[in-house]
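**Q** A single structure is presented below for examination.
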Amino acid sequence: MGRSQVEGSSPSLVPRSMGHRTLAAVPSLWAAIPCPRSELRLDLVLASGQSFRWREQTPAHWSGVLADQVWTLTQTEEQLYCTVYRGEKGWVGRPTPEELKAVHQYFQLDVSLAQLYHHWSSVDPHFQEVAQKFQGVRLLQQEPVECLFSFICSSNNNIARITGIVERLCQAFGPQLIQLDDVTYHGFPSLEALAGE
């Protein structure tokens, strides 16, 4: 127990104590998705108030829950890098192609922002002005239940307060996924858990 998977080796069990990964420290556990910053800016999208489950745990490395797994994401000018913590599933390794589909869907990476920005700029002079300042901002495709309950919590609140409310909801009713450093991550509760069933 305790060996990490390196490229081409078989999966191993997760060590009991884990920390948030950085790309520089453990590159073998990260997968790269071609995605220029003009198509996605993690710093603008994950802190924008669309989702309340992502934190910048180390500089330019965002950790949060996606598809009932804990992820850390970072990026360069041309690549989006992802690593996943599987917790109870018991093995360490790069994200699988199936797991990466969740990232593609969440960020809607099949939608070209360059084409949309070009079209919107051609019909809206104000958008044309601000588009250069906010490249890479896109809508997230979130789980409907989490999105609905986050929206309900947003009434007359600011992002920091909504983030706290959503986090406490997950801690109280969601399944515990994994602990990294001193942060315990929970999945978003099911409707049954929220209804007390």
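**Q** Among Gln69, Gln5, which is polar (S, T, N, Q), out of contact with any Cys (no Cβ under 8 Å at 6 or more places or on another chain), at pLDDT below 95 and more than 25 Å from Gln108 (Cβ to Cβ)?
**A** Gln5
**Q** In segment 156-165, is there at least one residue being surrounded by fewer than 18 Cβ atoms within 10 Å (Cβ to Cβ), in a loop (DSSP other than H, G, I, E, B) and touching a residue at least 40 places away in the same chain (Cβ under 8 Å)?
**A** No: segment 156-165 contains no residue that is surrounded by fewer than 18 Cβ atoms within 10 Å (Cβ to Cβ), in a loop (DSSP other than H, G, I, E, B) and touching a residue at least 40 places away in the same chain (Cβ under 8 Å).
**Q** Under 6 Å between Cβ atoms, at least 6 apart or on separate chains: pull out the pairs that start in segment 121-148 with a residue that is in contact (Cβ under 8 Å) with a residue 60 or more places away in the chain and over 23 Å from Ile162 (Cα atoms) and end on any residue that is open to solvent by 50 Å² or more (accessible area, probe 1.4 Å) and of a type outside the set (A, V, I, L, M, F, W, C).
**A** Final answer for the pair search is Gln135/Ser38; Gly136/Arg37; Gly136/Ser38; Gly136/Arg41.
**Q** Identify the single condition in (1) out of contact with any helix residue (DSSP H, G or I) (no Cβ under 8 Å at 6 or more places or on another chain); (2) aliphatic (A, V, I, L, M); (3) open to solvent by less than 60 Å² (accessible area, probe 1.4 Å) that Val123 does not satisfy, given that it satisfies every other one.
**A** Condition (3) is where Val123 drops out.
**Q** Do the conditions hold for Ser190, that is, is it touching a residue at least 40 places away in the same chain (Cβ under 8 Å), hydroxyl-bearing (Ser, Thr, Tyr) and open to solvent by 30 Å² or more (accessible area, probe 1.4 Å)? First the steps, then the outcome.
**A** Numbers: touching a residue at least 40 places away in the same chain (Cβ under 8 Å): yes; hydroxyl-bearing (Ser, Thr, Tyr): yes; open to solvent by 30 Å² or more (accessible area, probe 1.4 Å): yes.
In short, yes.
**Q** Also, I was wondering about something else. Can you say whether Gln105 is within 27 Å of Phe149 (Cβ to Cβ), in a helix (DSSP H, G or I) and among the polar types (S, T, N, Q), as far as the supplied structure shows? Break it down into steps so the answer makes sense when it comes.
**A** Numbers: within 27 Å of Phe149 (Cβ to Cβ): yes; in a helix (DSSP H, G or I): yes; among the polar types (S, T, N, Q): yes.
Yes; evaluated as a whole, the condition is true for this residue.
**Q** Right, another one. Within segment 128-144, how many residues turn out to be part of a loop (DSSP other than H, G, I, E, B) and loosely packed, with under 11 Cβ neighbours inside 10 Å?
**A** Summing the residues that are part of a loop (DSSP other than H, G, I, E, B) and loosely packed, with under 11 Cβ neighbours inside 10 Å in segment 128-144 gives 2.
The values are calculated or read from the model by the stated rules, or taken from the named source; none is laboratory data. Model, not experiment: these values are computed from the prediction. Cβ atoms come from the backbone with ideal geometry, glycine included; neighbour counts cover every protein chain shown. Note: accessible area is taken over every heavy atom of the protein model, side chains too, but ligands, DNA and RNA are not part of it. Shrake-Rupley method; radii C 1.70, N 1.55, O 1.52, S 1.80 Å.
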